[in-house]
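The values are calculated or read from the model by the stated rules, or taken from the named source; none is laboratory data. This one's a predicted model, so the numbers in the text were calculated from it and none came from an experiment. Here the Cβ positions follow ideal geometry from the backbone for every residue, glycine too, while neighbour counts run over all protein chains shown.
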Amino acid sequence: MKLGIVSDEVSQDLKIASEWAKERGIRRFELRHVWGNRLPDVTKEQLHEVKSMLDGYGIAVTGISPGTYKCTLYDPDCPEQTDRLLRTMEAADYLGTKKIISFGVKKSPEDKPGDDKRAIELLSDFCRKAKENGFTICFENEPGFFNGLPDEIEAVHKALAPLGGKLNWDMGNLFMSGFSEYKEHYERFKPYIGSVHMKDYRLSDGACVPIGEGCIDWKGQIDDLIRDDLHLDGAECDMNIETHCSPEYEQATKCFAYIRQIMGERLNGLL
């Protein structure tokens with residue numbers, strides 16, 4: 001496993017995020033928002049600036065999160081998701097990554113019987129298009145989506161695995177869905193994992209908090225991830241800090257400090 005961060009969890013100002021990472025030896029970014037825009041919704045000049053800046057800092061782009069399928073089947077922009085994927089692949093290719101993080105279609109009161117299968121069909125089509133172009137899509141488990149609960153996660157990824165689709169394992173999101181123990185679910189979904197998001201969760205009020213301040217056994221999960229040595233397309237999988245709480249810079253700093261504390265000298269092997 002390799003440790004990185006979702007860069008806008010430090011700052012949408014890429015220079016600030018890069019300086020923060022450099023000070024801590026982090027050399028891997030998952031990109032989402034830069035300078036107020038979510039990729040791929042940036043100009044060619046901005047995309048060039050992203051690449052030039054990160055190359056200068058020696059930071060690799062390990063994935064792009066364009067927010068695809070963060071919509072219901074009945075939202076007007078649902079049919080536009082394929083075009084967004086195509087634009088994301090173009091940006092990702094330029095930035096040197098073949099991994100895309102996507103959502104798994106949001107549930108809606110309008111949903112009808114069989115819409116879970118319809119969602120899987122759309123995600124399957126995403127996987128086919130990605131595979132044709134040499135990309136892998138990691139679908140994030142998310143509360144309120146068709147891949148939010150454990151049985152849903154398994155159903156979706158059993159269908160997508162033969163097409164190259166992977167799971168972006170977010171244990172914090174699983175806890176937000178009402179679960180309070182990671183081990184059973186991690187072991188269940190381990191064969192599907194291609195990427196990991198790291199956030200913590202406080203049961204008392206349902207708030208996201210810096211890693212180490214919530215109820216999730218992150219030391220146990222990191223130990224398991226290191227033990228299992230998960231790979232994606234021949235490379236070590238990424239686990240990316242995604243604080244989901246503000247102020248971002250300060251909270252990201254707390255997250256990294258906690259990881260450094262529990263990992264000790266082993267941290268060097270993750271960077």
**Report entry** Matching entry among Glu45, Glu30, Glu121 (being touching a strand residue (DSSP E or B) at 6+ places or on another chain (Cβ under 6 Å) and among the charged types (D, E, K, R))
**Finding:** Glu30
Query raised in the report: Checking Met171 against (1) touching a helix residue (DSSP H, G or I) at 6+ places or on another chain (Cβ under 9 Å); (2) surrounded by 14 or more Cβ atoms within 10 Å (Cβ to Cβ); (3) over 22 Å from Gln261 (Cβ atoms), which test does it fail?
Result: (3)
Query raised in the report: Which residues, taken from segment 1-15, are part of a helix (DSSP H, G or I), touching a strand residue (DSSP E or B) at 6+ places or on another chain (Cβ under 7 Å) and among the charged types (D, E, K, R)?
Result: Asp8, Glu9
Query raised in the report: Which ones in segment 27-62 are loosely packed, with under 15 Cβ neighbours inside 10 Å and of a type in the set (Asp, Glu)?
Result: Glu45, Asp55
Report task. Within segment 26-68, count every residue that is over 12 Å from Ala92 (Cβ atoms), among the small types (Gly, Ala, Ser) and either touching a Ser or Thr at 6+ places or on another chain (Cβ under 6 Å) or assigned to a loop (DSSP other than H, G, I, E, B) (or both). Result -> 3
Query raised in the report: Is there any pair with a first residue in segment 114-129 that is at pLDDT 95 or above and surrounded by 14 or more Cβ atoms within 10 Å (Cβ to Cβ) and a second that is of a type in the set (Gly, Ala, Ser) and in a helix (DSSP H, G or I) whose Cβ atoms are under 9 Å apart and which are 6 or more apart or on different chains, and what are they?
Result: Asp116/Ala155; Ile120/Ala155; Ile120/Ala159; Leu123/Ala159; Ser124/Ala159
Query raised in the report: Which members of segment 10-26 meet the condition of being free of Cβ contacts under 8 Å to residues at least 40 places away in the same chain and either within 15 Å of Arg260 (Cβ to Cβ) or surrounded by 17 or more Cβ atoms within 10 Å (Cβ to Cβ) (or both)?
Result: Gln12, Ala17, Ala21, Glu23
Requested in this report: Looking only at segment 237-250, count how many residues are charged (D, E, K, R) and surrounded by fewer than 15 Cβ atoms within 10 Å (Cβ to Cβ).
Outcome: 1
Query raised in the report: Any idea how many residues of segment 69-86 are within 22 Å of the chain's Cα centre (by Cα) and part of a loop (DSSP other than H, G, I, E, B)?
Result: 5
